[in-house]
1. Have a look at B:Phe241, B:Phe101, B:Phe304 and tell me which one the Gaussian network model of chain B (Cα, springs below 10 Å) gives the largest fluctuation.
2. Pull up all non-local amide H partners of B:Asn346: gap of 5 or more, or a different chain, and H-to-H distance under 5 Å with H placed in the peptide plane.
3. At 7 Å along the Cα-to-beta-carbon direction for both B:Arg166 and B:Arg226, put a label point, then send me their distance in nm to one decimal.
4. Give the Kirkwood hydrodynamic radius (Å, one decimal) of the protein assembly as shown, defined as one over the mean of 1/r across all pairs of different Cα atoms.
5. If contacts are Cα pairs under 8 angstrom and at least 6 residues apart, what is the relative contact order of the range B:239-298 in percent?
6. Which order do B:Phe411, B:Phe120 fall in if you start with the one that has the fewest other Cβ atoms within 10 Å?
7. Before anything else, pin down the relative contact order of the range B:186-234: Cα pairs under 8 Å, at least 6 apart, normalised by residue count, whole percent.
8. Provide the per-residue ³J(HN,Hα) series for the range A:162-179, in order, calculated from phi with Karplus coefficients 6.51, -1.76, 1.60 and θ = phi - 60°, each as a whole number of Hz, with x at glycine and proline positions.
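Each reported figure results from applying straightforward, stated rules to the coordinates on display, with no laboratory input. Quick caveat: nothing in here was measured; it's all calculated off a predicted structure. When we count neighbours, we look across all protein chains shown, and the Cβ atoms used for this are built from the backbone with ideal geometry, even at glycine.
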Amino acid sequence: MQDRGSQPGKPGAAAGALADLASIHLDPCAAPPGPLSGLTARGAWRAALAECALAGGAPARMTAEGLEMRGNILRWTGRRGPAARVTLLADATRHGVLGTGRATLLAVNPHLPACALLLQYDRRGLRVIGPGGLQMLLAPIGGFGDRQTVGCELDLAEGRLSVVEADGETRQSPLQVPAFAVERVEIGRACLGVLHAAAVIVE
Amino acid sequence: MRLQSLWSQMSGLAPARLAAGAQIVIIDGQSLALGCNASPEERRAHSHHARAAVRQLDGLCRPDGVAVRLHGPGSLGYDARHATGHSAAVPLANVPAAFSFSQALDLWRRRLGIARHRMFVGCHSIAGTSIHEFDRDPAHGRLGTTIRDNHARWLQEALRVAPGARPLVYGMIQGEANIAMSAPAYRAAAARAYGDALDDIEALTGIRPPLMLWQTGGYVNAAAARPYGPVLAQLDLVRDFDAIFAGPLYPVLTFDNAVHPDLPSQLIHCEIAAYVFARREQGRNVNLLPGRPVWQGNTLRIPFSTEDGKPLIFDPDSEYPAYGGLADHGVEAAGARVTDVALDGNAVVVTCDGPMTRVQIALQAADMSAHADARGRNHGAHRCDIIEADPPDSLLLPGRKLKRFIPSCRFQRP
């Protein structure tokens, strides 16, 4: 694994590069150390997200667009699409999982299994869950306490699900799914750790 | 690639790269080398094992026009068409052991910081074939030189697609068809077969790769008196060829109440092989083999070559209680009754109530087929619950451990 030590989040750099692609774009979310869910519950994340761009809009518009705290989860509710491509990226230091189940770093349409895309982890490692339940585990590189950037991309036009692992290696799996709209984005369900940056890109 | 580019932007890192120079991984044998005939659902569930480094040849066909994929052409052989290129290896039916091994090796190389290379996967296995089918003598076996011809042809095609590719290892998972052979007979036949295979590889590439061997396990029904010669001969063959010892197959859970591992068991035994191989790449021989036994009165002390002197332990999570159990940890004696099986560091210490003439481990003659679970899965009759302590975490199957069981072995009092 490539070591970037205790390099802090890079607010601005990734956001600028990614913003051109983003329709829904949450980046950066530079939260101070501590339990992710706890931070969101205390509102530290809410403050951090004041700098986030949502469809290039102002923070005030974020609320209007449906961004809100739901318990420990940051949720965006709205409608984008139908989408041709959905991309999730998370730069996170995972410290653990709340409870014994799975934690969700990023989720699109988690309430609609047929068109859900989730970037999850449990004590055994990271995985991507695609529409219909297609599961792709990410290579076990590092673990709790290691800062990693991982992600996935669902290309509905090409019919494939791709994942990018913590060392940048990508893999693909064929997946035919009809076009769908993004109706909900959730961040940080049952997560413990720090989300340095996240991107949800719907095109 | 766009996703990788976005990843780089967010992480500030460059993606990991494979080292230059392709490698060739060939694992031949019988049905266990062809691998688990996984259902589409199983293959889909395990799609995460697909790694870009592991490649298959494209464009090869059997004479009946059927495309030859990972599991080779079998007894039909190849037609005249050449390979047209290569692609990421994806099993369509059987999941060949060579594929599972290579996936695991790529992960273990990454974990251990060993240079990763593109690996071309070859498999020339045919279910149920005797060891005699693997040598170059056309008078041996019913298939003549089919397997040797397939092997040579595939290798030529691999070199056409990837000139300069270097053979990394030649593996063999074979022996179930030859349990009626004596150990000396099997040792001689296998040495001939391995030698012919390695000669073929060397003739085409100029490189004689190391040999890697699995030890044959017992059938679930091993009650009939058969010598199981391959099991003991394979330990000698490992030493004869300075081979990588992938480990015994008796610990696998069979999906068919016979001898074939289910997919998770195959992934684990192939990953153990990859782990041992990766350690060898680091210059460390971690073959887990029995050493010279020490007989003293009613006691036999058998040392094993554990990694870094790790102690042996009894498997704390043994599955055997659910599948008919296990007596004396799998240790049996002739000429006396076993009264104690103890572990002392890296040694198994067997005590009997008299001067035993022979001791054997994981070589039971029994029929355990009545103890299958509701899904028809079972463990073979050869059983033992002695493992190397502190097993590594599996990279292919998160949550599982790579338990290295001591091999089946037998010792005669001098």
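1. Of the options given, B:Phe241 has the highest mean-square fluctuation.
2. Those lying under 5 Å, H to H, from B:Asn346 are B:Leu312.
3. Output for this residue pair reads 4.0 nm.
4. Working: mean 1/r = 0.0381 Å⁻¹.
With all distinct Cα pairs of the protein assembly as shown included, I get 26.3 Å.
5. Details: 43 pairs, mean separation 20.5, N = 60.
Value for the range B:239-298: 34 percent.
6. Details: B:Phe411 19, B:Phe120 29.
The order, fewest Cβ neighbours first, is B:Phe411, B:Phe120.
7. Numbers: 23 pairs, mean separation 21.1, N = 49.
About 43 percent, as a whole number.
8. Taking θ as phi minus 60°, the curve returns 10, 10, 10, 8, 5, 10, x, 6, 10, 9, 10, 9, x, 7, 9, 9, x, 4 Hz for the range A:162-179.
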